[in-house]
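Novice: Here you go, one structure.
Nothing in this text is a laboratory measurement; each read-out follows from the coordinates by a stated rule. Being a predicted model, the structure only gives us computed values, none of them experimental. Positions of Cβ are backbone-derived with ideal geometry, glycine not excepted, and every protein chain shown enters the neighbour counts.
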Amino acid sequence: MSDGHFSDPACEAVLRQLDAYLSHELTDEVRAEIERHLPGCSQCADELEARGRLRAHLKAAVRAQPVPEGLESKVRNAVRGTPQAQHARWRAGWYAIAAAALIVICLALVNLWRLSRTDSEEAILRKTTGRMSKVLNVGLRDHLECAVRRDPKAPAAPAAEMADELGPDFAALLPVVESKLPPGFRVVSGHRCWAGRRQYVHFIVMSGNKVLSLILTRKQPGEWFDSGIYQTGVDRYQVVGFESHDDLAFVISDLDAQQNLQVAALLVPAVRDYLAAHQG
Amino acid sequence: MPHLHDLYRTAVKMLGDRARAEDVVQEVYLQAWKSFERFTPGTNCRAWLYKILIHTVHHERRGWFGARVVPDSQEVLDGASYTPPIPEQIMEREILQAIETVPPDYRTAVLLADVEEFSYKDIAHILNVPIGTVMSRLSRGRSLLRERLAEMARSYGLSKGGGCGA
């Protein structure tokens, strides 16, 4: 653009960069040059102020436009489809997980991440609210009580011992889980445990110093997920929750949200198939 | 759904039509849902959704407007040679009207940069054009926006001067 009312070549050079300056798109050197020029040049400083004001007005005006009330539910319903379609999608395995993962990543992230590392388990659990979070907490409690407390340097349990501890219903899930984990992740414990007066089937997986749990537990009244899989971040833990007909299942770790979701996406179809096949 | 409202508002400004913007945004989420395997984890999810929005709007425009779509005409480009001062007072209604008169490609770039605050690099990715093109579209788009606003300010000034004020 030409700025005919500024004749000084130094001003011309600065004006050409003012928008990039406002957008934080300049190198430190160019930025510093402009910042040296501005205090001594009221014309350029006024122009900067005016361009910033125009942007602020435009942004405020566009963002002030009303959004139709029903839009969100309309889109949600379109994405989720009918219950029959949803069921069919779940049967489609990875496709369904990818779709649900999309919803989780892009639409429904509850981010309570980066809270203090020193919080007690109860304090961490209290950081989530609402019904869905309570259901997610069912798994988080066991992870905190069982996996986080485990000595990270303890050797992995032998497979036969894990199979024994898991019992006949879940021993066969161990090789399934092991086969689905990404490289570098290994099961260090598979067992049944109790936390908060309920029983869990618990696989503890490690990758370096990161600890991940796959946790299964029987549903209790009022415990269900509305649509497939849910994710939340609580303190430094990422929790993905999903369900089968009778069970709640969780993938919880101190990986970042994306990584946790990726591992969950690998595990969920196989775990759901396993639970469906061993129902009752 | 944290990105939905932003996507909808951008779509309204791109299309100038609320009902179509609703349909487009719904289509964006359906497309995103269907093509999730093409989303690279770890990349910018918001930018990915906007990329789908741009694609969907282009498709929508072709379908609805047909021959009425004016490719960014050279006259418009040539006309934007002078950058007028920015009016002191800018009304919300005026600026919304003004941005709608900027040709689509320039308007989209300005909306992505100045309203949605995407980086130039993200915009290049969203629009699938080189970064230099993003910069020239932004420059042109902002210029045109200023011109429209100045025109509006002048026309209001004239009408006041003409004794129409009450």
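Novice: Between A:Arg198 and A:Ala78, what FRET efficiency follows from the Cβ-Cβ distance if R0 is 51 Å, with the result rounded to 0.05? List each step's numbers first, then the result.
Specialist: Numbers: r = 37 Å, r/R0 = 0.72.
For A:Arg198 and A:Ala78, the calculated efficiency is 0.90.
Novice: Mind putting together the pair-distance distribution for the stretch A:9-63? All Cα pairs, 5 Å bins, whole percent per bin, short to long.
Specialist: Answer for the stretch A:9-63: a P(r) of 4, 20, 29, 23, 13, 7, 3, 0 percent.
Novice: How fast does the stretch A:153-271 diffuse by Stokes-Einstein, in µm²/s, taking the Kirkwood radius from C-alpha pairs at 10 °C and 1.306 mPa s?
Specialist: D = 109 µm²/s.
Novice: Let me ask something additional. Take the alpha carbon gyration tensor of the stretch A:185-225, find the square roots of its eigenvalues, order them as a ≥ b ≥ c, and report rounded if a/c is under 1.5; if not, report prolate when a/b exceeds b/c, else oblate.
Specialist: Cα axes put the stretch A:185-225 in the prolate bin.
Novice: Find how much the distance from A:Ala13 to A:Cys41 grows on full extension, using 0.36 nm per residue of separation minus their present alpha carbon separation; answer in nm with one decimal. Let's see the in-between values first.
Specialist: Values: separation 28, 0.36 × 28 = 10.08 nm, distance 1.28 nm.
That pair, A:Ala13 and A:Cys41, stretches by 8.8 nm at full extension.
Novice: As a footprinting exposure proxy, order A:His57, A:His143 by other Cβ within 10 Å, with the fewest listed first.
Specialist: The most exposed by this proxy come first: A:His57, A:His143.
Novice: Per-residue Cβ counts within 10 Å, from other chains only, averaged over B:86-95: what number is that?
Specialist: 4
Novice: Which of the peptides A:192-199, A:150-157, A:206-213, A:260-267 is most tightly packed, and how do the rest follow, judged by the mean count of other Cβ atoms within 10 Å per residue?
Specialist: A:260-267, A:206-213, A:192-199, A:150-157
Novice: Using each residue's phi in the stretch B:104-116, evaluate 6.51 cos²θ - 1.76 cosθ + 1.60 at θ = phi - 60° and report the 3J(HN,Hα) Karplus result to the nearest Hz, with x for Gly and Pro.
Specialist: So the Karplus estimates, Gly and Pro as x, are x, 4, 6, 4, 4, 4, 5, 4, 5, 7, 8, 9, 8 Hz.
Novice: Right, something else. Would you calculate the separation in nanometres between label points at A:Val176 and B:Ser136, each defined as 7 Å from the Cα along the Cα-to-beta-carbon direction?
Specialist: Reported label-point gap for A:Val176 and B:Ser136 is 5.8 nm.
Novice: OK, next. Which of A:Val148, A:Tyr274, A:Pro182 sits farthest toward the positive end of the charge dipole of the stretch A:139-280, with +1 on the Cβ of Lys and Arg and -1 on the Cβ of Asp and Glu?
Specialist: Looking along the dipole axis, the top candidate is A:Val148.
Novice: Obtain the nm distance between the two label points defined at A:Lys134 and A:Ala60 by a simple spin-label model: each point lies 7 Å from its Cα along the Cα-to-C-beta direction.
Specialist: 4.3 nm
Novice: Still on this model: Provide B:Arg93, A:Arg236, A:Arg55 in ascending order of the number of other Cβ atoms located within 10 Å of each residue's Cβ, fewest first.
Specialist: B:Arg93, A:Arg236, A:Arg55
Novice: So how do B:53-59, B:124-130 stack up, highest first, on mean other-Cβ count within 10 Å?
Specialist: B:53-59, B:124-130
Novice: Give me a single rounded figure for B:103-115: the average over its residues of other chain Cβ atoms within 10 Å of their Cβ.
Specialist: Numbers: counts 0, 0, 0, 0, 0, 0, 0, 2, 3, 0, 6, 11, 7.
Other-chain Cβ atoms within 10 Å of each residue's Cβ, averaged: 2.
Novice: Hey, another quick one. Skipping prolines and chain starts, which residues have an amide H placed within reach, meaning under 5 Å, of the one on A:Gly190, given they are 5 or more residues away or on another chain?
Specialist: Residues meeting the criterion, in which the H sits 1.01 Å from N, are A:Ile204.
Novice: Report, in listed order, any pair from A:Lys153/A:Lys219; A:Lys180/A:Lys210; A:Lys180/A:Lys219; A:Lys59/B:Lys34 with a Cα-Cα distance greater than 26 Å.
Specialist: A:Lys153/A:Lys219; A:Lys59/B:Lys34
Novice: Taking other Cβ within 10 Å of each residue's Cβ, how do A:Phe185, A:Phe250 sort, fewest first?
Specialist: Neighbour counts put them in this order, fewest first: A:Phe185, A:Phe250.
Novice: For peptide B:16-23, compute the average count of partner chain beta-carbon atoms within 10 Å of each residue's beta-carbon.
Specialist: For this peptide, the per-residue mean of nearby foreign Cβ atoms is 2.
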